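Okay, structure first, notes after.
The values are calculated or read from the model by the stated rules, or taken from the named source; none is laboratory data. Here the structure is a predicted model, which means the values were calculated and not measured. Heads up, the Cβs are rebuilt from the backbone with ideal geometry, glycines too, and the neighbour counts pull from every protein chain shown. The protein model used for the area step is the full one, side chains on, heavy atoms only, and it has no ligands, DNA or RNA in it. Shrake-Rupley method; radii C 1.70, N 1.55, O 1.52, S 1.80 Å.
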Amino acid sequence: MIEVKIEVYDKKEKVTTSLYVEQLSENQFRMIDNDLFNNQLTLGAEFETKINSENKHEVVKIIKKSEFITRRFGLTPNYKESDYRMLGEELTKRGGFWQVDFGSIATVNIPKNFEFDISQIIKELELVEIAD
């Protein structure tokens, strides 16, 4: 697959985001990470776009939803960055993915067959979940 950077305009949020994606065809793409603003554009999701008058992509259809459970959290200063990194690495070892945006918003992609209770981990770490 070809990895490309595209500019995606979100009409609802009125924001343009730069995304690195796999290009599947001329106007179809697969997410390789998570868009912070569009909760449907998460790891593995496939979507179709059209080019608008500003020469930006606009999502017209989600072709395939992500196979991951995606959750977002505000990171608290109660823990060191290394603690969060350790959790992220464990998630990655088990087939998941994680990213941090703006230094304090964590997005995790959890495999559906994940062996640990994520809700319990969130509770223990006192993470604040960011709802859609």
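Per-structure values
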| read-out | value |
| --- | --- |
| Whole-number accessible area per residue in Å² for the stretch 4-108, which is evaluated in the context of all protein chains at 1.4 Å | 59 |
| Extreme residue, positive dipole direction of the chain, given options GLN99, ILE6, ASN27 (C-beta unit charges) | ASN27 |
| Accessible surface of the stretch 1-82 [probe 1.4 Å, protein heavy atoms]: carbon and sulfur percent | 46 |
| Length gained when the stretch GLU124-LYS56 is fully extended (0.36 nm per residue, less Cα-Cα span) | 20.3 nm |
| Sparsely packed GluC sites (Glu not before Pro) within the stretch 68-132, loop by DSSP, other Cβ within 10 Å at most 15 | GLU115, GLU126 |
| Three-way shape label, the stretch 12-54, alpha-carbon gyration tensor, a/c 1.5 | oblate |
| Length added when fully stretched, ASP10-SER25, from 0.36 nm per residue minus Cα-Cα | 3.3 nm |
| Helix-only [θ]222 nm of the chain, DSSP H runs n ≥ 4, -39500 (n - 2.57) each, per residue, nearest 500 | -4500 deg cm²/dmol |
| The stretch 72-111: chymotrypsin sites (Phe, Trp or Tyr not before Pro) falling in loop per DSSP and having at most 15 other Cβ within 10 Å | TYR79, PHE102 |
| Hydrodynamic radius of the chain per Kirkwood, over alpha carbon pairs, in Å | 15.8 |
| Cβ-derived FRET efficiency at R0 22 Å, ILE69 paired with ALA131, nearest 0.05 | 0.95 |
| Solvent-accessible surface ranking, highest first, for THR76, THR92 at 1.4 angstrom | THR92, THR76 |
| Nearby lysines by direct alpha-carbon distance to LYS56 (threshold 23 angstrom, same-chain neighbours under 8 apart not counted) | LYS5, LYS11, LYS12, LYS14, LYS64, LYS65 |
